[in-house]
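The values are calculated or read from the model by the stated rules, or taken from the named source; none is laboratory data. In this text, all values refer to a predicted model and were calculated from it rather than measured experimentally. Backbone-built Cβ (ideal geometry, glycine too); neighbour counts: all protein chains shown. Keep in mind that these areas ignore ligands, DNA and RNA; they rest on the heavy atoms of the full protein, side chains included. Shrake-Rupley method; radii C 1.70, N 1.55, O 1.52, S 1.80 Å.
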Amino acid sequence: MDVQRGQPRGDQRGDQRGRTNRRRFLLIAGLPLLTVGAGLTYLMWPEPPHRPEVRTDPEPLNRRLGPFLGELTDAHWLGYDIDGAGDDRSIPGPDSRIRVVGVAHLPAGGAAAITGGPDHAFAPGVPADPPAPLKPYLPAGASWQHSPAFDAYADGEGAKTQAADGSPTGRYHFDTTRDLVHFDVLYLFA
């Protein structure tokens, strides 16, 4: 250092300038690398599994199932994409399969009117194992009745009344003593 002027000598100025350039280079090169690394970490970080919440609003059910079941009340149901698509990080597929499963009350005498009709041969049947969030809403000791002929009728009526809402395939079980319907419908949107 030049004592008289308080400035670095000529040979020391280059070293200081070299350090500054090196720091600037590391900052310019390191910041984008750090940003890319943080972005990749976010994309690769596993998400906790999404669990659908039990819904109680009957309006969507009445719009889809009401034309052939009657007005549903006191509904507990789930609606979700069974393929797991639809989260923010996945690319949507060419088609979706939406499962609508639940239990609801029919109008008084509605289950007996449906199961007592001569067009559908109802027999005792047990619904498939429901998703865990719905198990508390299925009554123990219910005497469920099922008819494949009614399923076909409901799928046909559902396809006619809700053509824009996908192609339905469902199973319906009725408990005449409680006027309950258990529905498990799969909508294919292509």
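So the values come out like this:
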read-out: Those residues of the range 109-135 which are open to solvent by less than 30 Å² (accessible area, probe 1.4 Å) and touching a residue at least 60 places away in the same chain (Cβ under 8 Å), in sequence order; value: GLY110, ALA111, ILE114, THR115, PRO131, LEU134
read-out: Set PHE174, PHE183: member being within 25 Å of PRO52 (Cα to Cα), at pLDDT 95 or above, part of a strand (DSSP E or B) and under 21 Å from the mean Cα position of the chain (by Cα); value: PHE183
read-out: Any pair with Cβ under 6 angstrom, 6 or more apart, that starts in the range 50-75 at a residue that is surrounded by fewer than 17 Cβ atoms within 10 Å (Cβ to Cβ) and ends at one that is β-branched (Val, Ile, Thr); value: PRO67/THR161
read-out: Residue selected from the range 90-106 under the condition out of contact with any Leu (no Cβ under 9 Å at 6 or more places or on another chain) and either in a helix (DSSP H, G or I) or open to solvent by 60 Å² or more (accessible area, probe 1.4 Å) (or both), by the criterion modelled with the highest pLDDT; value: PRO94
read-out: Flag if PRO130 is at pLDDT below 95 and part of a loop (DSSP other than H, G, I, E, B); value: yes
read-out: Residues (modelled with pLDDT of 75 or more and in a loop (DSSP other than H, G, I, E, B)) located in the range 46-70; value: PRO52, GLU53, VAL54, THR56, ASP57, PRO58, GLY70
